[in-house]
1. Looking only at the range 87-99, decide whether some residue is hydroxyl-bearing (S, T, Y), over 26 Å from L187 (Cβ atoms) and either open to solvent by less than 60 Å² (accessible area, probe 1.4 Å) or more than 21 Å from the chain's Cα centre (by Cα) (or both).
2. Looking at the range 290-310, which of its residues are modelled with pLDDT under 90 and surrounded by 12 or more Cβ atoms within 10 Å (Cβ to Cβ)?
3. Which residues, counting only those in the range 117-132, are over 14 Å from H72 (Cα atoms) and outside any loop (DSSP other than H, G, I, E, B)?
4. Just one of E150, E134 is more than 14 Å from L249 (Cα to Cα), touching a residue at least 12 places away in the same chain (Cβ under 8 Å) and surrounded by fewer than 24 Cβ atoms within 10 Å (Cβ to Cβ); which is it?
5. Just a yes or no: is a residue in the range 262-270 under 28 Å from K196 (Cβ atoms), polar (S, T, N, Q) and touching a residue at least 24 places away in the same chain (Cβ under 8 Å)?
6. Condition check: in contact (Cβ under 8 Å) with a residue 12 or more places away in the chain and part of a loop (DSSP other than H, G, I, E, B). Does K90 satisfy that?
7. Within the set of pairs 6+ apart or on separate chains, which have a first residue in the range 1-24 that is part of a loop (DSSP other than H, G, I, E, B), a second that is among the aliphatic types (A, V, I, L, M) and surrounded by 12 or more Cβ atoms within 10 Å (Cβ to Cβ), and C-beta atoms under 8 Å apart?
8. Name the single residue, out of those in the range 207-237 being closer than 11 Å to M281 by Cβ and in contact with a Ser or Thr (Cβ under 7 Å, 6 or more places away or on another chain), that is surrounded by the most Cβ atoms within 10 Å (Cβ to Cβ).
Amino acid sequence: MQLELKDIQAAKNRIEPYINKTPILTSSLLNDWLGHEIYFKAENFQKIGAFKARGGVNTLAWLLENGHKPKHIVANSSGNHAQAVAYAAKQFNIPATIFMAAYSSKVKVQATKAYGAEVVLSETRDITDAKVVEAAKEEGVFWIPPFNHEQIICGQGTAAYEALTELKNIDAVFTPCGGGGLTSGSLIATRGLAPKAKMFGVEPLNANDAAESLRKGSIQRLSGVPDTLADGAMTMAVGDITFEYLKQLDGFYEIEEEYLIYWTQWLTHLLKCRIEPTCAMPMEAIRRWLQTQKTKQRVLMVISGGNVDQATTQKIWAKDCLVQEPHFSD
């Protein structure tokens, strides 16, 4: 089934009572430096501090809408999806158990518990994924996957949908890509609302399973835990549903760790808000794409979240990248 704009619209109506309509930010200084207009859909101001709230709430609301109320919800996640499912389950008064890898962000683990969910930690993401599969076999239990579900995709797509109904004449849309839910949903919204706009996905070079999958034409799985600050893009492999949408993108970028740090610092400074390395990453892809453009462009970037723990914060700010004004030519 190929999802359409109407499916994103239905998700938007479904989740409206439970989420924030997040702001669109811009930096006149950044725009002057680049010579283009960049707009940021700030999902760091979303419930739970990330876009994932949209997909979690939509999937559960969709189940209830169709007469299926689970006795228990389970999910697997490295962080923001964990909080999203815990938040969604709380809204509908359904108990939830979240399976997370032990290396998950501590602030995200604690936040998930604070929403009332039970958290089960495992040594690796593969063990976590295996445990949620077993838990989902029990009667009355429903598994809300982090990305590979049509209603997750529809929920995540509402962020770009909101932005594109507010902004006109957008030339390109960029999103970070982990498992591909946000990118897939944003693609559907972009094709429906701004069909002339280009749509790009972005992931860390150190966790480039999606790029490898696109190059080889089949889903590729990472061999081990990736060494990246982009904990929101540490997914071991994309899903069979999301992969079909990723194939339809206009391009895909792989970004080195140094640029994740650089743009986390600069966007934090320019936009005056807390930003995760995962969602700062597309800014480097935007810079590279703009270098190939001969006319002024209007670009939308989804800032996917703002949940950063102390250990990651220290790594981000170990070296000060703000002492020198950015230069935008290689």
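The values are calculated or read from the model by the stated rules, or taken from the named source; none is laboratory data. As the structure is a prediction and not an experimental result, all values here were calculated from the model. Note that we place each Cβ from the backbone using ideal geometry, even for glycine, and neighbour counts take in every protein chain shown. Side chains included, ligands, DNA and RNA excluded: accessible areas come from the protein's heavy atoms. Shrake-Rupley method; radii C 1.70, N 1.55, O 1.52, S 1.80 Å.
1. yes
2. Selection gives N307, V308, D309.
3. Those that are over 14 Å from H72 (Cα atoms) and outside any loop (DSSP other than H, G, I, E, B): V120, L121, S122, R125, D126, I127, T128, D129, A130, K131.
4. When all the criteria are applied, what remains is E150.
5. no
6. Here the answer is no, as K90 does not meet what is asked.
7. L3/I153; L3/I188; E4/I188; I19/A53; I19/V57; T22/A42; T22/A159; P23/A42
8. Selected residue: G232.
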